[in-house]
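The values are calculated or read from the model by the stated rules, or taken from the named source; none is laboratory data. Note that the structure is a prediction, hence the values are computed from the model and not measured. Cβ sites come from the backbone with ideal geometry, for glycine too, and all protein chains shown count toward neighbours. For accessibility, only protein heavy atoms count, side chains too; no ligands or nucleic acids. Shrake-Rupley method; radii C 1.70, N 1.55, O 1.52, S 1.80 Å.
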Amino acid sequence: MQRSSFAWRAALAVLLTVGFYAMAAAVVTVCWGGAWMIVTESRHIPVKLVAILAMVGGIVLWSVLPRPDHFEPPGPLLDAGQNPALFHTLSEVARKTGQPMPEEVYLVGEVNAFVAHRGGIMGIGSRPVMGLGLPLLQALSIPEMCAVIAHEFGHYVGGDTRLGPWVYRTRAAIVRSVQNLAQAGSMMAYPFLWYMKMFLRVSHAVSRHQEFAADAVSARVTSAEDAGRALRKVHAIAPAYDSYWRTEVVPLLVEGHRPPVADGFGRFLREAPIARLVGDALREVPEANSDPYDTHPPLSQRLDALGQRDVAPDGPEGPRAVSLLGGVAEAEAALVGSLLKPGIVVKPLAWEQVGPTLYPRLWKKALEEAPAIADVTPLGVSRLLADCDVFARKTANRPLDTESALRMTKYYAGGVIGRALLRAGWVVESLPGRAVTLVRGDDRRSLDDLLKAAADAATWRVHLLGLGSAEADLERPNRDA
């Protein structure tokens, strides 16, 4: 988008903002004025019509009234005294962009960074704030993180954070108007819906241009190479972090434990299957066209604008940006605490202790919650896997599709096998990005491989004995384990 086109669209966005409130004021005036005229000048008052007019005017007025910005901190507030290296980096980028430092900097649990003006009404009386994602700090090098920070300061340079509150509040007011009028069954919802679509198309086109402009600031303050690599990495690691958080961290939080989140994400990214997926996402930039309702341009267009589309994403590695934090463990504890409901306490637990500490308890809990597993013996796991539909139906109290039934059965069967090997002197290992593994000395067996072996009933007895299980334990019911 050329500067002249952007200026025209920005001016149009402002005009549409003003136009919306003018339209809303006109609707309220017509509805209430019409109702007043009917009541004062008609001999026979159509009560239903008057009520409809009064209601529509009231709904529109209530929907468009400015709301105070009740700012909810997105994470723990970072202190400059405790994080001198990070705040020095921020101040250097601020100096190079000619912008003041944000008044508040928050640590957030997302693959994201942002700047905004928060508080006040319609941006008036607001203060500048910044959010920095812990997974970004862990995954990006310091130069790449500087490029991300410079991009965010670029939004201050362009005045985006000043225009943003007006556009955001107007968008919210239009959406409220459409929803409230639609719930009331009013035909007036349709003109507001039409206006909303037009407003979104124009304002989001402006947002896309603002992203290009902020990228240009990032490239000027750092380098086009660092800005391009940072964009690629954000695109590549976001799905990986979602998977890591959902499959590795959340189950531990549910059990009352807090692992080292940033360190775990670094381990997760280094595991071969994850590293391959992330590496492919770094190198392969999909072709895409902008959707009229997207707030950000496609990655391919942003890299083209930086001249980095065909540049290899591999750059010089250095210290991770997380090293800029004064105390990672304390910051993580505060971040996780901000995500939990008040009163919930989780205890720190090293990744190396997750297997030995957690899995014996989880397997015991599985026995208690699924009575159908109580009489299953280690040797009987083969039959259990063969009759997974029957077991799953008993456990879930309803029929399940074959895939779901097999997944549920493997979960409980894994517990039976794991408990049997614990008795034989094995220990459990569960590290980010790896399958749950039983370890004894130099011998390592993933639980997935053990379940595959258990599917062969003819050799399963020999297999268990080879793993050190006592003959008497093979027919020992799970409840007696």
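Mind listing whichever residues of the range 239-263 are surrounded by 18 or more Cβ atoms within 10 Å (Cβ to Cβ) and under 14 Å from the mean Cα position of the chain (by Cα)?
Ala240, Tyr241, Tyr244, Trp245, Val249
Which residue is most open to solvent (accessible area, probe 1.4 Å), if the candidates are limited to the range 437-459 and must be assigned to a loop (DSSP other than H, G, I, E, B) and either in contact with an Asp or Glu (Cβ under 7 Å, 6 or more places away or on another chain) or at negative phi (or both)?
Asp442
Would it be correct to say that Gly315 is in contact (Cβ under 8 Å) with a residue 60 or more places away in the chain, surrounded by 15 or more Cβ atoms within 10 Å (Cβ to Cβ), under 30 Å from Leu421 (Cβ atoms) and touching an Asp or Glu at 6+ places or on another chain (Cβ under 7 Å)?
When the stated conditions are applied, Gly315 does not pass them.
If a residue has to be in contact with a Gly (Cβ under 7 Å, 6 or more places away or on another chain) and closer than 30 Å to Pro135 by Cβ to count, how many in the range 30-79 make the cut?
Number satisfying all stated conditions: 4.
Limited to the range 363-397, what total is found for residues that are open to solvent by 70 Å² or more (accessible area, probe 1.4 Å) and among the polar types (S, T, N, Q)?
Residues that pass the stated criteria total 1.
Could you count how many residues in the range 377-422 are closer than 16 Å to Asp456 by Cβ and out of contact with any helix residue (DSSP H, G or I) (no Cβ under 9 Å at 6 or more places or on another chain)?
Result for the range 377-422: 0.
Has the range 91-111 got at least one residue that is free of Cβ contacts under 8 Å to residues at least 60 places away in the same chain, among the basic types (Lys, Arg), in contact with a strand residue (DSSP E or B) (Cβ under 9 Å, 6 or more places away or on another chain) and open to solvent by 30 Å² or more (accessible area, probe 1.4 Å)?
So far as the range 91-111 goes, no, none of its residues is free of Cβ contacts under 8 Å to residues at least 60 places away in the same chain, among the basic types (Lys, Arg), in contact with a strand residue (DSSP E or B) (Cβ under 9 Å, 6 or more places away or on another chain) and open to solvent by 30 Å² or more (accessible area, probe 1.4 Å).
Which condition does Ser4 not pass, out of (1) modelled with pLDDT under 85; (2) touching a strand residue (DSSP E or B) at 6+ places or on another chain (Cβ under 7 Å); (3) under 30 Å from Ala150 (Cα atoms); (4) open to solvent by 60 Å² or more (accessible area, probe 1.4 Å), if it passes all the others?
That leaves (2) as the condition not met.
Taking the stated definitions as given, is Gly266 surrounded by fewer than 18 Cβ atoms within 10 Å (Cβ to Cβ) and modelled with pLDDT of 90 or more?
Considered against the rule, which asks whether it is surrounded by fewer than 18 Cβ atoms within 10 Å (Cβ to Cβ) and modelled with pLDDT of 90 or more, Gly266 comes out as yes.
Out of the residues in the range 422-436 that are touching a Ser or Thr at 6+ places or on another chain (Cβ under 7 Å) and hydrophobic (A, V, I, L, M, F, W, C), which is surrounded by the fewest Cβ atoms within 10 Å (Cβ to Cβ)?
Selected residue: Ala435.
Given the condition out of contact with any His (no Cβ under 8 Å at 6 or more places or on another chain), assigned to a helix (DSSP H, G or I), within 30 Å of Leu467 (Cβ to Cβ) and open to solvent by less than 40 Å² (accessible area, probe 1.4 Å), answer yes or no: does some residue in the range 341-354 qualify?
Yes, because at least one residue in the range 341-354 is out of contact with any His (no Cβ under 8 Å at 6 or more places or on another chain), assigned to a helix (DSSP H, G or I), within 30 Å of Leu467 (Cβ to Cβ) and open to solvent by less than 40 Å² (accessible area, probe 1.4 Å).
Pro66 fails exactly one of the following numbered conditions: (1) within 22 Å of Ile149 (Cα to Cα); (2) open to solvent by 20 Å² or more (accessible area, probe 1.4 Å). What is the number of that condition?
Unmet condition: (1).
Looking at the structure I just gave you, is Leu303 farther than 20 Å from Gly133 by Cα and buried (at least 19 other Cβ atoms within 10 Å of the Cβ)?
So Leu303 passes the test.
Please go through the range 282-335 and give me each residue that is within 17 Å of Val234 (Cβ to Cβ), touching a Lys or Arg at 6+ places or on another chain (Cβ under 8 Å) and not in a loop (DSSP other than H, G, I, E, B), ordered by number.
If the condition is that a residue be within 17 Å of Val234 (Cβ to Cβ), touching a Lys or Arg at 6+ places or on another chain (Cβ under 8 Å) and not in a loop (DSSP other than H, G, I, E, B), then Leu282, Leu299, Ser300, Leu303 are the ones that fit.
Go through (1) open to solvent by 70 Å² or more (accessible area, probe 1.4 Å); (2) in contact with a Leu (Cβ under 9 Å, 6 or more places away or on another chain); (3) at pLDDT 90 or above and name the single condition Val462 misses.
Of (1) open to solvent by 70 Å² or more (accessible area, probe 1.4 Å); (2) in contact with a Leu (Cβ under 9 Å, 6 or more places away or on another chain); (3) at pLDDT 90 or above, only one is false for Val462: (2).
Inspect the range 221-230 for any residue being assigned to a loop (DSSP other than H, G, I, E, B), in contact with a Cys (Cβ under 6 Å, 6 or more places away or on another chain), hydroxyl-bearing (Ser, Thr, Tyr) and within 30 Å of Asp263 (Cα to Cα) and give the result as yes or no.
The answer is yes; a qualifying residue exists.
Can you tell me which of Asp215, Asp280 is of a type outside the set (Phe, Trp, Tyr), open to solvent by 50 Å² or more (accessible area, probe 1.4 Å) and modelled with pLDDT of 85 or more?
It is Asp280.
Could you grab the pairs with beta carbons closer than 6 Å, sequence gap of 6+ or different chains, first residue in the range 69-84 and in contact (Cβ under 8 Å) with a residue 40 or more places away in the chain and small (Gly, Ala, Ser), second one open to solvent by 30 Å² or more (accessible area, probe 1.4 Å) and in a strand (DSSP E or B)?
Short answer, once both residue conditions are applied: none.
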